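To keep things clear, I will list the structure first and then write my remarks on it.
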Amino acid sequence: MENRGQSFSVLNCIDLSSPDIHKSVSLLKQACLDSGFFYVINHGISQEFMDEVFAQSKMFFTLPLSEKMKHLRNEKHRGYTPVLDEVLDPENQVNGDYKEGYYIGVEVPENDPKSEKPFYGPNVWPTADRLPGWRQTMEKFHQEALEVAKAVARIIALALDLERDFFDKPEMLGEPIATLRLLHYEGGNQIEGQISDPLKGIYGAGAHSDYGLITLLATDDVLGLQICKDKDARPQTWEYVAPLKGAFIVNLGDMLERWSNCIFKSTLHRVLVHGPERYSIAYFVEPSHDCLVECLPTCKSDKNPPKFPPVKCGTYLTQRYKDTHADLNLYTEHQARKNLP
């Protein structure tokens with residue numbers, strides 16, 4: 001059961017160009033205690049470049065499925081994820097998510113020892129003759145978005161009474177697991193598309209909280225993202241997050257909730273598709289593989305001891321991805337059956 005009203009969430013807006021750091025910390029802290037979601041504006045990435053990233057994303061997703069499947073994601077979570085590949089809310093979804101995506105991670109050559117770690121390695125790229133400039137656009141956005149994420153993390157550190165550069169350490173955001181994901185939600189008027197209906201278990205993206213530290217989300221102007229501030233409430237109340245031109249919608253991940261001993265919270269969110277197709281660009285930021293995520297010193301006391309055991313970031317993320325994505329062998333078996341005489 002749930003509240004089906006079309007209410008909108010009112011989110012705080014953090015201006016990264018503001019000289020008033022105390023105001024920014026106060027607004028962010030309030031947002032992190034309240035909903036775990038907020039807007040970030042004046043972040044330094046131009047609107048012209050954002051428009052270009054969206055245009056390039058659309059160019060890939062409009063390719064024929066047979067062409068897109070040539071870039072199917074690998075075991076390192078790089079490349080194309082087809083519609084229904086991901087199941088974020090298995091208790092309530094009858095199928096997987098009605099969205100397709102494309103993962104782009106930190107580029108590490110195969111001959112680099114770091115490429116042996118999960119989430120590191122060479123990316124899967126469309127050929128330059130098929131999509132000229134595509135790789136360069138995405139690599140530039142990947143770099144620029146990381147700088148925005150670091151700026152946000154510095155404000156988060158201050159809001160948690162830590163040193164401003166706490167998350168800048170080499171084992172944290174010095175060598176992060178940063179993943180860009182292009183997303184396309186099919187319109188309900190297309191053959192494969194489905195109008196979302198929670199009562200029937202059909203979603204653009206099922207209800208979930210993100211895994212890592214923070215997520216930056218850029219969206220087009222099509223409404224679809226909803227958040228549930230209190231995941232334990234029954235019935236759950238879902239509120240829309242309005243798109244804001246030129247802004248990132250930022251949300252906290254489970255890892256930060258764990259790190260902060262649940263002082264800051266990750267928030268359930270989902271996407272409903274109402275008819276028009278929808279594009280968004282998510283940038284997931286996690287610390288390095290070997291970073292030990294354990295209760296922050298400012299978030300524990302005798303009355304509030306650590307609620308979680310320490311865990312390495314790489315170990316934690318690997319399990320979370322495994323839990324939500326289809327087994328890659330399914331695609332191989334499907335292809336083999338199609339090729340049978």
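Descriptive notes on the structure:
- In the stretch 119-147, the residues that are under 18 Å from the mean Cα position of the chain (by Cα) and more than 20 Å from Ala55 (Cβ to Cβ): Phe119, Tyr120, Leu146, Glu147
- Any hit, the stretch 280-288, residues being part of a loop (DSSP other than H, G, I, E, B), at pLDDT 80 or above, under 17 Å from the mean Cα position of the chain (by Cα) and surrounded by 10 or more Cβ atoms within 10 Å (Cβ to Cβ): yes
- Selection within the stretch 200-251 - of a type in the set (Ser, Thr, Tyr) and outside any strand (DSSP E or B): Tyr203, Ser209, Tyr211
- Wholly within the stretch 1-115, helices (runs of 4 or more DSSP H) carrying at least 2 residues that are modelled with pLDDT of 90 or more, small (Gly, Ala, Ser) and surrounded by 15 or more Cβ atoms within 10 Å (Cβ to Cβ): 21-34
Conditions (1) surrounded by fewer than 19 Cβ atoms within 10 Å (Cβ to Cβ); (2) touching a strand residue (DSSP E or B) at 6+ places or on another chain (Cβ under 6 Å); (3) of a type in the set (D, E, K, R), marked per residue:
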| site | (1), (2), (3) |
| --- | --- |
| Arg270 | no, yes, yes |
| His274 | yes, no, no |
| Cys291 | no, no, no |
| Pro309 | yes, no, no |
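- Conditions (1) over 15 Å from the mean Cα position of the chain (by Cα); (2) surrounded by fewer than 23 Cβ atoms within 10 Å (Cβ to Cβ); (3) among the aliphatic types (A, V, I, L, M); number of the one not met by Leu173: (2)
- Of the residues making up the stretch 156-170, those that are of a type outside the set (D, E, K, R), open to solvent by 10 Å² or more (accessible area, probe 1.4 Å) and part of a helix (DSSP H, G or I) number 3.
The values are calculated or read from the model by the stated rules, or taken from the named source; none is laboratory data. As the structure is a prediction and not an experimental result, all values here were calculated from the model. Positions of Cβ are generated from backbone atoms using ideal geometry, with glycine treated the same way; all protein chains shown enter the neighbour counts. Side chains are part of the model used for accessible areas, which takes the heavy atoms of the whole protein and leaves out ligands, DNA and RNA. Shrake-Rupley method; radii C 1.70, N 1.55, O 1.52, S 1.80 Å.
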